[in-house]
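Here's the structure, in structure tokens; my notes come after.
The values are calculated or read from the model by the stated rules, or taken from the named source; none is laboratory data. Computed from a predicted structure; not experimentally measured. No Cβ is skipped: glycine too gets one built from the backbone with ideal geometry, and neighbour counts run over all protein chains shown.
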């Protein structure tokens, strides 16, 4: 039973919904890439598409893990479930490994991915924030 002592404030719900929307956009991005929709292919040059197609399969798997565990984690935040913390941590780890590979290790063959590199840093920061947010919500008894 929920008591007023552990009832989350309105901003908990707002942040959780924003997190769900953010990760849902990531799921959309993953599905667009996996199925090579026109929205995906029209957003990149042929050189960029060829370079992204050459990335290893585990890189794409990390993308799927990051966005799906993030979306489910945020949904569980809205349901006030403690398991959200684990899924958001998994999302953060998968996204961080994926983005570090993209930023520092992958051979991008000299193709310009400037906009994607900026987004890579934003993704890591937001994923880390969601982990902190879930831990904080757990500490305050807002999730159980």
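Condition first: touching a residue at least 40 places away in the same chain (Cβ under 8 Å) and farther than 18 Å from residue 131 by Cα. Can you find one or more residues in the stretch 6-25 that meet it? Yes, the stretch 6-25 contains at least one residue that is touching a residue at least 40 places away in the same chain (Cβ under 8 Å) and farther than 18 Å from residue 131 by Cα.
Residue by residue, here is whether (1) buried (at least 20 other Cβ atoms within 10 Å of the Cβ); (2) at pLDDT 95 or above holds:
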{"position": "28", "(1), (2)": "no, yes"}
{"position": "51", "(1), (2)": "no, no"}
{"position": "58", "(1), (2)": "no, yes"}
{"position": "69", "(1), (2)": "yes, yes"}
{"position": "89", "(1), (2)": "no, yes"}
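Sub-7 Å Cβ pairs linking a first residue in the stretch 106-128 that is on the phi < 0 side of the Ramachandran plot and in contact (Cβ under 8 Å) with a residue 12 or more places away in the chain to a second residue that is part of a loop (DSSP other than H, G, I, E, B) and surrounded by 12 or more Cβ atoms within 10 Å (Cβ to Cβ), at least 6 apart or interchain, are 106/55, ordered by first then second residue. Between 129, 113, the distinction of being out of contact with any helix residue (DSSP H, G or I) (no Cβ under 6 Å at 6 or more places or on another chain) and more than 23 Å from residue 13 (Cβ to Cβ) belongs to 113 only.
Out of the residues in the stretch 77-99 meeting the condition of being free of Cβ contacts under 8 Å to residues at least 24 places away in the same chain and within 17 Å of the chain's Cα centre (by Cα), tell me which one is farthest from residue 53 (Cα to Cα). Before the answer, list the steps.
Of all residues in the stretch 77-99, those free of Cβ contacts under 8 Å to residues at least 24 places away in the same chain come to 79, 83, 86-87, 93.
Among the residues that remain, those that are also within 17 Å of the chain's Cα centre (by Cα) are: 83, 86-87, 93.
Numbers: 83: 34, 86: 30, 87: 27, 93: 23 Å.
Among them, the one singled out is 83.
Assigned to a helix (DSSP H, G or I) and over 30 Å from residue 138 (Cβ atoms): does that describe residue 85? The answer is no for residue 85.
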